[in-house]
Every structure is written in C-alpha cells, then in structure tokens.
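**Q** Provided herewith is a single structure, encoded as structure tokens, for subsequent inquiry.
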Amino acid sequence: MRRTTSAEVVQMPPRAPAPDHRVPVVGEPRVRRCGHYTDLTPQEREVMALVAADLSGVQIAARTDVSEHAVRRRLAALRQKLGAATTPQMIDIGCRTGLLVPRRATLKREITDTVLTSFQALADGTTRTQIARSRNFSKHAVARHLAIVRSRMRVSWNPAAVYRLHGVTPPVLNTTAVPCPLCAARGTS
C-alpha cells in the first residue's frame, strides 16, 4: 500500500510473479582428468545456472533473496575461479568443463559464419571493441551480430546465448576443452 497526499489509502496491485525460466543442470563440480575441480559454493552454482537461464542480475537477486550487489560479487568470484574475463566466457567455460549441461537443440535458421565468428570471439572472452578492431567491423556491426544470435536463440543476454549454442547439434561453437585453471596457475597441463 502507499499513502497519497490526502487521507485515502491506495491499494497497489500485487506484483506479477517472475516468469518461470528453465534452470540448466548444474551439479557438483565434476572432477577433471588431472584430478582438480573448481571449488564453487552452492550459491555460486545457483547464480551461474540462473545467468545461463537468461535472468538479469536484478531477477537473480529477487529469485535468490539477496542484494544485486551480492549477485555481482558472486559473478566476479565465479569469473575469477574459472579464469574468465567476461560472463559469456564464464558460461562457455562452464559448458566445456561440464559444470553446465545444456539441453540438446537444433537451429531452425542458420547463423552465418561472419556472425558466428563474432559470437565465438565473445564466448572466448573478447570484448565487442576488440572484436570490431580485429575484424575491421564497426562496433555497431558487432552489436548487430550479437543481437542476431540472441534473437535466433530467443534469449535476452549473451551468456544465455552461449549456453544455448553449446546445446546445438552439430556443435556450432568451438568446443575444445579448456585447461584446468589450477593446472594453468601451476604451469602444468
């Protein structure tokens, strides 16, 4: 309820519940061949799954009953633990290591190689500006490429598009295995 300037009380309509997004599978971190695993807290695993399910930071905060600042802190911790520079790269690493398991899907409309190359660079941790410079495109062209992929995958955010593209058969993203962050830090593989 809220009060108006007069003595009357205005009843506010109830907030509509958030749409029920399908949350991707995030189990216990899987042990890698080298014996290491990423040490993720249950809260971090939940945030990773909700980012992959196309929720914004505000929506994740509302769903998990924490502040938006706490969500940003958990995302930063996830990126650091997985050795990712960006959130789309974090989701890419999560899919490649088996922390996230996307559902199998097929593309109804093909994505051109130019557009997919821009998106692959984003999944590899390159920023839009760096993609534009390296490929001699304008920033607007890169933004358009990313928007095309998001619309084809029917998502709002780039990390969710990375997650869904990992489920496409035959594989569209480069799915080579990523090195273990713990082995990389020690200089072994």
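**Q** From 149, 155, 162, which residue is among the hydrophobic types (A, V, I, L, M, F, W, C), under 19 Å from residue 51 (Cβ atoms) and in a loop (DSSP other than H, G, I, E, B)?
**A** That would be 155, the only listed residue that is among the hydrophobic types (A, V, I, L, M, F, W, C), under 19 Å from residue 51 (Cβ atoms) and in a loop (DSSP other than H, G, I, E, B).
**Q** Would you tally the residues in segment 85-107 being surrounded by fewer than 20 Cβ atoms within 10 Å (Cβ to Cβ) and of a type in the set (A, V, I, L, M, F, W, C)?
**A** Residues flagged as surrounded by fewer than 20 Cβ atoms within 10 Å (Cβ to Cβ) and of a type in the set (A, V, I, L, M, F, W, C) within segment 85-107 amount to 4.
**Q** If I ask for residues that are polar (S, T, N, Q) and within 10 Å of residue 88 (Cα to Cα), which ones from segment 128-163 would you list?
**A** Listed by number, the list holds a single entry, 158.
**Q** Looking at this structure, is residue 61 under 25 Å from residue 173 (Cβ atoms) and hydrophobic (A, V, I, L, M, F, W, C)?
**A** no
**Q** Residues that are within 27 Å of residue 60 (Cβ to Cβ) and loosely packed, with under 13 Cβ neighbours inside 10 Å: does segment 115-135 have at least one?
**A** Yes.
**Q** Of the conditions (1) of a type outside the set (Val, Ile, Thr); (2) farther than 26 Å from residue 81 by Cα; (3) out of contact with any Phe, Trp or Tyr (no Cβ under 7 Å at 6 or more places or on another chain), residue 145 satisfies every one except a single condition; which number is it?
**A** Exception for residue 145: condition (3).
**Q** Now for a separate question. Which of the residues that make up segment 110-144 are under 19 Å from the mean Cα position of the chain (by Cα) and assigned to a loop (DSSP other than H, G, I, E, B)?
**A** 124, 125, 126, 127
**Q** Related question: Answer yes or no: is there a residue in segment 81-101 that is part of a loop (DSSP other than H, G, I, E, B), among the aliphatic types (A, V, I, L, M) and without any contact (Cβ under 8 Å) to a residue 60 or more places away in the chain. Give the steps one after another, and end with the answer.
**A** Here is the first cut: in segment 81-101, the ones part of a loop (DSSP other than H, G, I, E, B) are 83-86, 98-100.
Within this subset, residues satisfying the condition of being among the aliphatic types (A, V, I, L, M) are 84-85, 99-100.
Subsequent filtering for residues that are without any contact (Cβ under 8 Å) to a residue 60 or more places away in the chain retains 84-85.
Checking segment 81-101: at least one residue is part of a loop (DSSP other than H, G, I, E, B), among the aliphatic types (A, V, I, L, M) and without any contact (Cβ under 8 Å) to a residue 60 or more places away in the chain.
**Q** Consider residue 45 carefully, then state whether it is charged (D, E, K, R), at pLDDT below 90 and part of a loop (DSSP other than H, G, I, E, B).
**A** The answer is no for residue 45.
**Q** Does segment 55-84 hold any residues that are at pLDDT below 90 and closer than 17 Å to residue 161 by Cα, and which are they?
**A** Passing the criteria: only 84.
The values are calculated or read from the model by the stated rules, or taken from the named source; none is laboratory data. Since the model is a prediction, treat every value here as computed from it, not as a measurement. Ideal geometry is used to build each Cβ from the backbone, glycine not excepted, and the neighbour counts take in all protein chains shown.
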